[in-house]
Amino acid sequence: MSTEIIPENLLDDFDTRGFVTLPNFFTADIVAAAQAAIETLVDEHATKLVAAGKANATHADAAFETRWYQLHEHCLTEAADYLRAELHLEDLFGVFFHPRLLDIVETVLGNEIRLYPNYTVRPKLPNHEPTAVLWHQDGGYTEHWHKANNGDVADIRMLNVWSPLVPARVENGCMEFIPGSHKLPLLPHEEREFYLEIPPKHIEPLAKDAVAIELDPGDVVLFHNMLCHRGLSNQAKTIRWSMDWRYQDARQPTLRKENGHLAKSLLHPNDVVQSASEWASLTFG
Ligand SMILES: O=C(O)CCC(=O)C(=O)O
């Protein structure tokens, strides 16, 4: 593997702060393909909503940034907060299995890499509590929902990736990170109506150092599984579409019932997802 493709100081920054941003990482054609893939899903969804009498039109000419809201205007409580099982689309292969991204992931995780069974597209609606993600460490979810124990979670070697499909700013609900918080053990997570949350007494002393991660389509941020982070609420009038996914050292258990999909491997090269059509033939899990 050539080292010149690895941004300078990536490993140092990642180790110190728990995250690193890669501006302009995906080329315009990869971003356009991902947006088109999501538009196809929105189209299918629109047809179903109209057929069910929940939307009065498919709003086919509406902009990507507004259509999801227009479709759900009369059934907001039914709007999906995220899309997961739907993401086995040929046009998303270039994102999840991006060779240069996987080379960078390899420098952190080693050469056995799985796409972890938690890959998501989020349409964050304006002023919509179910899509404002509260302070958490990803490990908190694995422990709480998947009954892993705290120690197992802390040992998981995972790299999270987040990339917007529209410009993400504080106003429309970008991510916020607490630099260095990945070095903490797993903090308590309490169940709220829509998400888990690190309770105020644990997070408030840390949150004064939080930084907003404002990114444009094509930009990518890599962050540690134990980093304290949240997705702000969307105060704008348009939808904040984004993607988040994770890679894990494939030699470890996922601590979930799903096994994910192999992205890179010297030990089992034949089990690596090879092509867009193979990705589209697989299912979430
Ligand atoms: O996109 C968001 O608002 C939250 C995403 C998140 O918490 C994550 O990727 O772990």
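Descriptive notes on the structure:
- Scanning region 124-150 for residues that are touching a residue at least 60 places away in the same chain (Cβ under 8 Å), farther than 16 Å from ASN259 by Cα and in a helix (DSSP H, G or I) gives GLU129, PRO130, THR131, ASP138, GLY139.
- Among the residues making up region 156-170, those that are in a loop (DSSP other than H, G, I, E, B) and either within 16 Å of ASP219 (Cβ to Cβ) or free of Cβ contacts under 8 Å to residues at least 24 places away in the same chain (or both) are LEU165, VAL166, PRO167, ARG169, VAL170.
- If the condition is being among the charged types (D, E, K, R), within 14 Å of the ligand (Cβ to nearest atom) and surrounded by fewer than 22 Cβ atoms within 10 Å (Cβ to Cβ), then region 110-137 contributes only GLU129.
- All positions within region 259-284 that are at negative phi and touching a Ser or Thr at 6+ places or on another chain (Cβ under 8 Å): ASP271, VAL272
- PHE284 satisfies every condition listed in (1) among the hydrophobic types (A, V, I, L, M, F, W, C); (2) within 27 Å of ASP152 (Cβ to Cβ); (3) in a strand (DSSP E or B) except (3).
- With respect to being closer than 28 Å to GLN235 by Cα, touching a strand residue (DSSP E or B) at 6+ places or on another chain (Cβ under 7 Å) and outside any helix (DSSP H, G or I), ASN118 fits the description.
- Restricting attention to region 45-67, the residues being surrounded by 12 or more Cβ atoms within 10 Å (Cβ to Cβ), touching a helix residue (DSSP H, G or I) at 6+ places or on another chain (Cβ under 9 Å) and either within 26 Å of GLN235 (Cα to Cα) or of a type in the set (Gly, Ala, Ser) (or both) number 12.
- Single residue of region 138-150 satisfying the filter (within 14 Å of the ligand (Cβ to nearest atom) and of a type in the set (Gly, Ala, Ser)) that is farthest from GLU204 (Cα to Cα): GLY139
Matching residues to (1) modelled with pLDDT under 95; (2) within 20 Å of LEU267 (Cα to Cα); (3) in contact with a strand residue (DSSP E or B) (Cβ under 9 Å, 6 or more places away or on another chain):
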| site | (1), (2), (3) |
| --- | --- |
| ASP91 | no, no, no |
| LEU102 | no, yes, yes |
| TRP135 | no, no, yes |
| GLY139 | yes, no, yes |
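- Residue match in region 171-188 (condition: out of contact with any helix residue (DSSP H, G or I) (no Cβ under 7 Å at 6 or more places or on another chain), at pLDDT 95 or above, away from the ligand (no atom under 12 Å from the Cβ) and not in a loop (DSSP other than H, G, I, E, B)): yes
- The condition of being within 28 Å of PRO205 (Cα to Cα), assigned to a helix (DSSP H, G or I), away from the ligand (no atom under 12 Å from the Cβ) and in contact with a helix residue (DSSP H, G or I) (Cβ under 7 Å, 6 or more places away or on another chain) holds for only one of VAL153, VAL95, that being VAL153.
- The residues of region 61-92 that are farther than 19 Å from LEU165 by Cα, assigned to a loop (DSSP other than H, G, I, E, B) and touching a residue at least 24 places away in the same chain (Cβ under 8 Å) amount to a single one, CYS75.
- Matching residues in region 246-277 - criterion: being without any contact (Cβ under 8 Å) to a residue 24 or more places away in the chain and of a type in the set (D, E, K, R): ASP271
Rundown of residues vs (1) in contact with a Pro (Cβ under 8 Å, 6 or more places away or on another chain); (2) within 30 Å of ARG169 (Cβ to Cβ); (3) within 16 Å of the ligand (Cβ to nearest atom), yes/no style:
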| site | (1), (2), (3) |
| --- | --- |
| ILE239 | yes, yes, yes |
| SER242 | yes, yes, yes |
| ASP249 | no, no, no |
| GLU258 | yes, no, no |
| VAL273 | no, no, no |
| LEU282 | no, no, no |
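The values are calculated or read from the model by the stated rules, or taken from the named source; none is laboratory data. Since the model is a prediction, treat every value here as computed from it, not as a measurement. Positions of Cβ are backbone-derived with ideal geometry, glycine not excepted, and every protein chain shown enters the neighbour counts.
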